[in-house]
């Protein structure tokens, strides 16, 4: 049975932005402010480092009901006992990831265009749990993500995802001022808006308020 997953405010971690306290401290503070899901992402980490990071975040999330995803690395997600994994279009194909993680873990897939969303919608029902749509706006956090879709583009893709039975989250350049502009999705993903904030708890709380 797959774990419960609330995509309302989805934090993607950034080790470089997390500051002296590190990612676990940011996650702990952000969850106190209302973050509902966490994805551990560190493109510069070795498998061993990513595993250690995922375990440390898992310990922080224990008992909170907040789902833990690992970005890209299926082996680390499995070894760390994460709730799920998130992959991009150029990573291991979603169908293969689902076969490896089994039926009891969550799977997220990035979709930044109609063609990419079509890939997710063409998969057997239950393969993918959530699509990450973006970037909404171009962002220095992920400079290779492509041109921003804008709120309208995201809303259109989100409607198609919903019609196909998929939940969606928007990602890319979202902060407390822009969060209310993103509509039609089940949640928003943020990186620097929380990881770089001097007070991650207050930042998360403000984002939740902005989404009401």
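A few notes on this one:
- Full extension of the chain between residue 59 and residue 212 yields a length gain of 52.2 nm, computed as 0.36 nm times the residue separation minus the alpha carbon distance.
- In range of the label at residue 113: residues from segment 147-171 whose backbone nitrogen is under 16 Å from the point 7 Å along Cα→Cβ: 147-150, 153-154, 157
- Between residue 122 and residue 162, residue separation times 0.36 nm minus the direct Cα-Cα distance comes to 13.0 nm.
- Taking the alpha carbon gyration tensor of segment 35-131, multiplying each eigenvalue by 5 and rooting it gives semi-axes of 23, 14, 12 Å, largest first.
- Mean projection area, nm², convex hull over Cα of segment 9-210: 10.0
- Paramagnetic reach from residue 96 in segment 36-69 [backbone N under 18 Å; point 7 Å along Cα→Cβ]: none
- Contour minus Cα-Cα distance for residue 48 and residue 202 (0.36 nm per residue): 52.3 nm
- Overall form of segment 18-70 per C-alpha gyration tensor (a/c, 1.5; a/b vs b/c): prolate
- Most mobile of 91, 177, 25 in a GNM of the chain (Cα contacts under 10 Å): 177
- Taking the number of Cβ atoms within 10 Å of each Cβ as an exposure proxy, the fewest-first ranking of 194, 101 is 101, 194.
Coordinate-derived values only; no laboratory data. This one's a predicted model, so the numbers in the text were calculated from it and none came from an experiment. Note that we place each Cβ from the backbone using ideal geometry, even for glycine, and neighbour counts take in every protein chain shown.
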